[in-house]
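Have a look at the structure below before the remarks.
Only the coordinates and a few stated rules stand behind these numbers; no lab work does. Note that the structure is a prediction, hence the values are computed from the model and not measured. Please note: Cβ atoms are built from the backbone with ideal geometry, for glycine as well, and neighbour counts cover all protein chains shown.
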Amino acid sequence: MLKKVEVGKKILSANEQYALKNSQLLTEQKKLCLNMISSPGSGKTTILTRTITDLKDKLKIGVIEGDIQTDIDAQRIKATEAPVVQINTAGACHLSAAQIASALEDLPIADLDMIFIENVGNLVCPSAFELGETAKIVVLSVAEGDDKPAKYPGIFAKSKVMLINKIDLLESAAQLDFDIERAKTDARKLNKDIEIFPISAKTGAGMADWYDWLIKSVKELQL
């Protein structure tokens, strides 16, 4: 008699156990932890480096950097002098809660106000794996097209914030066809409470509203 093994279910169950452990640790420590998810090339690392640099006198930020290979992005984070832990997934399209649990042990959590997790560039796989984070942040660049919330509803439905990055391209590239209002509307059909910030990590446009949200979220957790 053949025995059926629910491999996918077992993997997710184990992940959920680590995610719960991570969540309990972060809650006890009163630390905001944001899981940043996007397609490759949306500008996640640029957003992080600018955010860390601009808020260095207001927030102490640590980063867990996820990539399939290399530590290129982690080196960019390191240049800001923020503590960073690199995770290479060796082909996996997402980070796991077990990997985050290990990385948290290598961060000086007690000295930090918040932690960013920069997930592997992918709009599908990372949305299925809870990491124990406080919230998910989805990044959509205008170069990708305004149809992404409709095409990849899972991550937009689960995210607390949507950052629409590279808005500077809307003025400089006349051939770029991106309807911000369509992207907002489609995202809010999936998640009526999602916060949306159109930004340019390159020029700094719109970043102040993003920073205000971060500072407010950190303070609320520390009460």
Lys and Arg at +1, Asp and Glu at -1: add these up for the other residues within a Cβ distance under 14 Å of Val142 and post the number. -3
Would you compute, from DSSP H runs of 4+ residues alone, the mean residue ellipticity of the chain at 222 nm, taking -39500 (n - 2.57) per run and dividing by the full residue count, rounded to the nearest 500? -12000 deg cm²/dmol
I need the P(r) histogram for the chain: all alpha carbon pairs, bin width 10 Å from 0 out to the longest distance, whole percents. 8, 33, 37, 17, 4, 1, 0
Would you mind calculating the relative contact order of the range 45-116 from Cα pairs under 8 angstrom and at least 6 residues apart, reporting the percent as a whole number? 39 percent
Environment charge of Ala74, counting only residues whose C-beta is closer than 14 Å and scoring Lys/Arg +1, Asp/Glu -1: -4
Difference of contour (0.36 nm per residue) and Cα-Cα distance, Leu169 to Lys192: 5.6 nm
Taking a label point 7 Å from the Cα of Thr203 along the Cα→Cβ vector, which residues of the range 125-152 have an amide N closer than 11 Å to it? none
What order do you get for Lys56, Lys184 when you list them from fewest to most C-beta neighbours inside 10 Å? Lys56, Lys184
Sequence-separation-based contact order of the range 10-217, relative, with Cα cut under 8 Å and 6+ spacing, percent: 25 percent
Violating pairs (Cα-Cα greater than 25 angstrom) within the set Lys56/Lys136; Lys30/Lys60; Lys56/Lys160; Lys30/Lys184; Lys30/Lys216; Lys31/Lys160: Lys30/Lys184
What whole number of Å gives the distance from the Cα centroid of the range 152-223 to the Cα centroid of the range 49-98? 20 Å
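Report the gain in length on full extension from Lys30 to Thr53: 0.36 nm times residue separation, minus Cα-Cα distance, nm rounded to one decimal.
On the way: separation 23, 0.36 × 23 = 8.28 nm, distance 2.25 nm.
Gain in length upon complete extension: 6.0 nm.
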